[in-house]
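I have placed the structure first, in the form of C-alpha cells, so that the comments after it can refer back to it.
The values are calculated or read from the model by the stated rules, or taken from the named source; none is laboratory data. Given the structure is predicted, the values throughout are model-derived calculations rather than measurements. Reconstructed Cβ throughout: ideal geometry from the backbone, glycine too, with neighbour counts over all protein chains shown.
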Amino acid sequence: MTRNLLVLTATLGSLALVLGAFGFQYLGGLAPCVLCWWQRYPHMAAVLIGLVALRTSGPALPLLGMLAMLVTAGIGVFHVGVEQKWWEGLASCTVSTIQGMSGADLLNTDITAGAPAACDKIAWAMWGISMPGWNVILSLALAALWAMAARRR
C-alpha cells in the first residue's frame, strides 16, 4: 500500500468511528458520557490531520495521526476500566444533578435535562465488548496504519 492509501484508510476509519458514534447518539438514542466525548476528539483531529497529510509528504503528520489514535485508545482503556469498576471514574463521569436548571425548566415536561450519561454504565456491547472497548481495538488498528504510513515515502 502506498503512503497516501494508508493515510486515506486511517482517515476514513476515524471518520467512520466518529460518524458511528454520532449515529448511536442521534439515531440510536444513546447519550454519550464525558469519556465518550473525549474519545471522539482525537478521531476528529485525525480526520483533519489526514486531509492535510494527503496533500503533503513526510512522516510528521502520519506520526501525529498515530499519536491521536494512541490518545483515544488510552482514553478508551481508562473508560473500559471505569465501566468494569476496576477504578473510579472522574468527577465529571457521574450524571449531574438538576444544577443550572430553573424552576420553570423543571416544571416544563418538554425539556429534558442535558446531563451526560454516567461513564460506568455500559450502554451497548457486541460480543461482550463495550463501545469504548471497540474504540480501543479499532484505534490501535488505525494507529498501526498511521505508523505504516509514516514509514512510507
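Observations on the model:
- Residue count for segment 25-52 under the criterion of being assigned to a helix (DSSP H, G or I) and either farther than 16 Å from residue 144 by Cα or touching a Phe, Trp or Tyr at 6+ places or on another chain (Cβ under 6 Å) (or both): the result is 15.
- Residue within segment 69-83 that is among the aliphatic types (A, V, I, L, M), at pLDDT 85 or above and touching a Lys or Arg at 6+ places or on another chain (Cβ under 7 Å) present: no
- Per-region count, segment 128-145, residues at pLDDT 95 or above and farther than 12 Å from residue 73 by Cβ: 1
- Residues (touching a Leu at 6+ places or on another chain (Cβ under 8 Å), buried (at least 17 other Cβ atoms within 10 Å of the Cβ) and among the β-branched types (Val, Ile, Thr)) located in segment 36-72: 47, 49
- Among the residues of segment 23-35, the one identified as without any contact (Cβ under 8 Å) to a residue 60 or more places away in the chain and either surrounded by 13 or more Cβ atoms within 10 Å (Cβ to Cβ) or more than 21 Å from residue 134 (Cα to Cα) (or both) is 25.
- Under the condition of being of a type outside the set (D, E, K, R) and closer than 30 Å to residue 153 by Cα, the residues counted in segment 20-42 number 3.
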